[in-house]
1. In the Gaussian network model of the chain, springs joining C-alpha atoms below 10 Å, which of PHE219, PHE188, PHE165 carries the largest mean-square fluctuation?
2. Run the accessible area of the chain with a 1.4 Å probe and give the carbon-and-sulfur part as a rounded percent.
3. List the pairs from LYS289/LYS364; LYS21/LYS332; LYS112/LYS332 whose alpha-carbon separation is above 23 Å, in the order I gave them.
4. Compute the angle between helix 349-365 and the longest alpha-carbon principal axis of the chain, please, reported from 0 to 90 degrees and rounded to the nearest 10.
5. Return one whole number: the accessible area per residue of the range 264-365 in Å², for a 1.4 Å probe.
6. Which order do the peptides 228-237, 142-151, 119-128 take when ranked by the mean count of other beta-carbon atoms within 10 Å per residue, highest first?
7. Can you give the extra length, in nm with one decimal, that the chain gains between ASN6 and HIS52 once fully stretched, where that is 0.36 nm per residue apart less the Cα-Cα distance?
8. For the chain, modelled as a GNM with alpha-carbon contacts under 10 angstrom, which of GLY337, GLY354, GLY163 fluctuates the most?
Amino acid sequence: MQIKRNILLNPGPSTTTDSVKFAQVVSDICPREKEFQGIMDPMRKDLVRIVHGNDEEHTAVLFCGSGTICIDITLNSLLDEGKKALVINNGAYSQRAVDVLRAYGMPYTELKQPIDKRPDLSALEETLKENPDTGYVYVTHHETGSGLLNPIREIGELAHRYGCFMITDTTSSYAMIPIDLEKDNVDFCMASAQKGIMGMTGLSYVIGKRSIIEKSKDFPVRSYYCNLYMQYDFFERTGEMHFTPPVQTVYAARQALKEYFEEGEEAKWARHQRIMKAIHEGEDRLGLKEALDREVQSGLVSAVRYPEDPAWDFDKVHDYCYERGYTIYPGKLEKKGTFRLCALGAIDEDDIKGFWKVFEEALKETGVQVPVKY
Ligand SMILES: *Cc1c(COP(=O)(O)O)cnc(C)c1O
């Protein structure tokens, strides 16, 4: 069977290999069979291995849901009675964390920071001093809306110095940017199968310290379905998810993990950087400007400012590219007028070169001047 290959430059789901797509086509199976548990157990260990954890100290807990389920779960499950959350808010995804805390009516401190700069760590330290009842510090590693990369190692160091856990949303960096739980001072991170490992949507995971999860058994239970200890405990006792797992997505994730380890951490990160270099080269050639300085970018997302040309029409350019197999994505910045080009997925620099040809045609076709003007 031939499947048309699309180049997704949106921030996930990402382009997948055919072998990952086909891994979903399996005989029907009841996920309560031993055979299925035999897939999830090594998968949990592999997910810990990706961030250089060790299986005694760390564990991966799988959930059926999109990536946001892990934001919800970590925030609501890991805060003890009498403690407050602290969120560094400098983008759309850390704003989502604040929204989750508000939805639960949980106590939190919000440290607002500019969305286009690294956060001020002295402000974080002040906030920690002023709020000695902080239970955990939460930060988005890679703010996918803007492409900003937050310094998790330094943030984690501060969190630990003030006796807090460190939770980071690594949904759009995990299995792409190398992460080391110990060295990076991370107690909990999270991701989703459709991003870094280049699998399918519907499977997400929290990876972190067993000792803290065990402790959280006595923390307030704020959700029936989205509770970290409940799912962890069920996995430890039975090897299964508490409720029905996304069966086909799990098969695809198994294949995706196999391909991850075959490619290797360093080679994969080098490939993502090669893709971003090709993205940046095309921008420079066409005169496109970005919303963020390159030195604060993750290397995985470029937020491109809309050309200030009366003929510019994002939807028309999008449709032209889409019809030719390339998907570009609107921005997620407060002030409108950006679109995003992302270096995720099973693609390489030649795909980006092909994209820029089509994008340039789209500009000319719609009457936008090249090089573009601001
Ligand atoms: C994609 C993403 C998520 C999860 O989004 P879903 O739409 O729920 O999959 C969470 N955090 C970050 C930083 C992301 O990039």
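The values are calculated or read from the model by the stated rules, or taken from the named source; none is laboratory data. Everything quoted here is computed from the prediction, not taken from an experiment. Backbone-built Cβ (ideal geometry, glycine too); neighbour counts: all protein chains shown. We work out accessible area using only protein heavy atoms, side chains counted, and drop any ligands, DNA or RNA first. Shrake-Rupley method; radii C 1.70, N 1.55, O 1.52, S 1.80 Å.
1. Sorting by GNM fluctuation, first place goes to PHE219.
2. About 49 percent, which is the carbon plus sulfur part of the accessible surface.
3. Exceeds cut-off: LYS21/LYS332.
4. Relative to the chain, helix 349-365 is tipped by roughly 50 degrees.
5. Per residue, the range 264-365 has 47 Å² of solvent-accessible surface.
6. So the order, starting with the most tightly packed, is 142-151, 228-237, 119-128.
7. Between ASN6 and HIS52, full extension yields an extra 13.3 nm.
8. Maximum fluctuation in the GNM of the chain, among the listed residues, is at GLY354.
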